[in-house]
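Undergrad: The structure under discussion is supplied below as structure tokens; questions concerning it will follow.
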Amino acid sequence: MSAGFALVLVAAAAVVAWILVEPFLRARRRARQRARTLDEADRMFLRRRVPVFVRMPKPLQERLEGLTLVFLAEKEFIGCQGITVTPHMKLAIAAQACLLVLGRDEHVYDAMRSILVYPGQFVVPGEWHDEHGVVTEEERVLAGEAWDVSRIILSWEDVKASGRGPDAYNVVIHEFAHYLDHEAGAFQQASVLAGELESLRAAVDQDEDTLLDPYAAEDEAEFFAVTSEVFFEQPGQLQRCHPRIYDALAGFYRLDPAAWS
Ligand SMILES: [Zn+2]
């Protein structure tokens, strides 16, 4: 055997060993991080900043703290256009992102690497396809975007406005719901949601007042992201007005936020 071939064999064996061992090491690392809790100052910050945290039962609060610490240890936060991402900004984003995986075992957005934070809404290039197939270049102004499996982009102005107004607006929940939907095919799993989307479209066409933001009628992906915001921000109202949507999301997220105090 030539030295070159032996080297290739050793390298291949090392790669295979890494593939086999890495999940085990990650699970052990995560278990260590999850066992920790936030310090009191950070917990107080979360209580003020993320009201849903206060409503959930104590065991879920502890689990959310652990998942948040894993998220903070694993993901990189990148400030864009000169913004500095402070530890509290990271905490606010991480905790709301982890809210969505609180009921799902061992899932902490495995493929995600980084969260890009802009000071305010940002412009991305895009294309508009009309019904004749004509493509027009157009820029879009966004509060957030689930860019691909490894990146999420957020406007800090919109993160600050999330989870505290009278409506269900929450850009962190919205974008991370897109991410999960894309990864797990959540909308497709819950067949009842297709019928509910059609009902919403009919209500929007009739100019009826709806609990759900009419933007949810845009397409399946927006329907899932917008209803996810309402599921966590106004769970009681969603359960009363749209019990089938509530039950479908409770099944997907494996959580029952309407039962939280
Ligand atoms: Zn969206």
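The values are calculated or read from the model by the stated rules, or taken from the named source; none is laboratory data. Because the structure is a prediction, the values reported are computed rather than measured. Cβ atoms come from the backbone with ideal geometry, glycine included; neighbour counts cover every protein chain shown. Calculation scope for accessible area: heavy atoms of the full protein, side chains included, ligands and nucleic acids excluded. Shrake-Rupley method; radii C 1.70, N 1.55, O 1.52, S 1.80 Å.
Undergrad: Comparing 156, 147, 128, which has the greatest mean-square fluctuation in the GNM of the chain with Cα pairs linked when under 10 Å apart?
TA: 128
Undergrad: Express the relative contact order of the range 94-219 as a whole percentage, based on alpha carbon pairs under 8 Å and six or more residues apart in sequence.
TA: Numbers: 143 pairs, mean separation 23.7, N = 126.
Once normalised by length, the contact order is 19 percent.
Undergrad: Angle, helix 3-34 long axis vs. longest principal axis of the chain, Cα atoms, 0 to 90°, nearest 10?
TA: That helix lies at roughly 50 degrees to the long axis.
Undergrad: If I stretch the segment between residue 78 and residue 43 completely, what's the gain in nm (0.36 nm per residue apart, minus their alpha carbon distance), one decimal? Walk me through the numbers on the way to the answer.
TA: On the way: separation 35, 0.36 × 35 = 12.60 nm, distance 2.33 nm.
Result for the pair: 10.3 nm of gain on full extension.
Undergrad: To the nearest 500 deg cm²/dmol, what mean residue ellipticity at 222 nm is calculated for the chain from DSSP H runs of n ≥ 4 alone, each contributing -39,500 (n - 2.57), summed and divided by the residues? Intermediate values should be presented prior to the final figure.
TA: On the way: 12 runs with 147 residues, N = 261.
Using -39500 (n - 2.57) per qualifying helix, the result is -17500 deg cm²/dmol.
Undergrad: Among 193, 25, 72, determine the one that fluctuates most according to a GNM of the chain built with springs between C-alpha atoms less than 10 Å apart.
TA: Taking springs between Cα atoms under 10 Å, the residue moving most is 25.
Undergrad: Rounded, prolate or oblate for the range 155-211? Axes are the square roots of the Cα gyration tensor eigenvalues, ordered a ≥ b ≥ c, and the cut-off for rounded is a/c under 1.5. List each step's numbers first, then the result.
TA: Working: a/c = 3.20, a/b = 1.20, b/c = 2.67.
Here the range 155-211 falls in the oblate category.
Undergrad: Taking the Cα centre of each part, how many Å lie between the range 190-225 and the range 134-185?
TA: 18
Undergrad: Considering only DSSP beta bridges where both residues belong to the range 10-259, give the percentage that are antiparallel (nearest 5).
TA: Working: 12 of 21 bridges.
The answer is about 55 percent antiparallel.
Undergrad: Let me ask another. Roll a 1.4 angstrom probe over the protein heavy atoms and tell me the percent of accessible area of the chain that is carbon or sulfur. Don't jump to the answer; show the numbers that get you there.
TA: On the way: 7550 of 13630 Å².
Here carbon and sulfur together make up 55 percent of the probe-accessible area.
Undergrad: With axes computed from alpha carbons, what is the tilt in degrees of helix 87-99 against the longest principal axis of the chain, rounded to the nearest 10 within 0 to 90?
TA: 70
Undergrad: Where the only charges are on Cβ atoms (+1 Lys, Arg; -1 Asp, Glu), what is the dipole of the chain about its Cα centre, to the nearest 20 debye? Display every interim value, and only then the final one.
TA: Details: 26 positive and 40 negative charges, 444 e Å.
Roughly 2140 debye, rounded to the nearest 20.
Undergrad: How large is ³J(HN,Hα) for each residue in the range 69-85, as worked out from phi by the Karplus curve 6.51 cos²θ - 1.76 cosθ + 1.60 (θ = phi - 60°), to whole Hz, x for Gly and Pro?
TA: 5, 4, 4, 5, 6, 9, 9, 9, 9, 10, x, 10, 6, x, 7, 9, 8
Undergrad: Stretch residue 36-residue 7 to full length: gain in nm at 0.36 nm per residue minus the Cα-Cα span? Present the calculation step by step, with values, prior to reporting the outcome.
TA: Values: separation 29, 0.36 × 29 = 10.44 nm, distance 4.19 nm.
Full extension of this stretch gives 6.2 nm more.
Undergrad: Taking the solvent-accessible surface of protein heavy atoms with a 1.4 Å probe, what is the per residue accessible area of the chain in Å²?
TA: Details: 13630 Å² over 261 residues.
Using a 1.4 Å probe on heavy atoms only, each residue of the chain averages 52 Å².
Undergrad: Once both labels are modelled 7 Å past Cα along the beta-carbon direction, what's the residue 148-residue 164 spacing in nm?
TA: Distance between the two pseudo-spin positions: 3.4 nm.
Undergrad: Test of understanding: in a Gaussian network model of the chain with alpha carbons linked when under 10 Å, which of 41, 194, 184 would top the mean-square fluctuation ranking?
TA: In this elastic network of the chain, the residue with the biggest mean-square fluctuation among 41, 194, 184 is 41.
Undergrad: Measure off 7 Å from each Cα along the Cα-to-Cβ vector at residue 130 and residue 25, then give the distance between these two points in nanometres to one decimal.
TA: Each label point lies 7 Å from its Cα, and together they span 5.5 nm.
Undergrad: Against the longest alpha carbon principal axis of the chain, how many degrees, from 0 to 90 and to the nearest 10, is the axis of helix 192-205 turned?
TA: Taking the Cα atoms of the chain, the angle to 192-205 is about 40 degrees.
Undergrad: Could I ask something else about it? Residue 184 versus residue 210, label points 7 Å from Cα toward the beta carbon: distance in nm?
TA: If labels sit at residue 184 and residue 210, their model points lie 2.4 nm apart.
Undergrad: Then there is this: Using Cα pairs closer than 8 Å and at least 6 residues apart in sequence, work out the relative contact order for the range 10-259, in percent.
TA: Working: 333 pairs, mean separation 35.2, N = 250.
Relative contact order for the range 10-259 comes out at 14 percent.
Undergrad: Sticking with this structure for a sec: Shape verdict for the range 141-261, please, from the Cα gyration tensor: rounded (a/c under 1.5), prolate (a/b greater than b/c) or oblate.
TA: Judged from the Cα gyration tensor, the range 141-261 comes out rounded (a/c under 1.5).
Undergrad: Please say if the range 39-151 is rounded, prolate or oblate, where rounded means a/c under 1.5 for a ≥ b ≥ c the square roots of the C-alpha gyration tensor eigenvalues, and otherwise the choice is prolate for a/b larger than b/c and oblate otherwise?
TA: Values: a/c = 2.42, a/b = 1.92, b/c = 1.26.
Because a/c hits 1.5 or more and a/b exceeds b/c, the range 39-151 counts as prolate.
Undergrad: Moving on. For the range 117-125, just list the computed ³J(HN,Hα) in residue order, Karplus coefficients 6.51, -1.76 and 1.60, θ = phi - 60°, integers in Hz, with x standing in for Gly and Pro.
TA: Ordered by residue, 3J(HN,Hα) equals 10, 9, x, x, 5, 10, 10, 10, x Hz.
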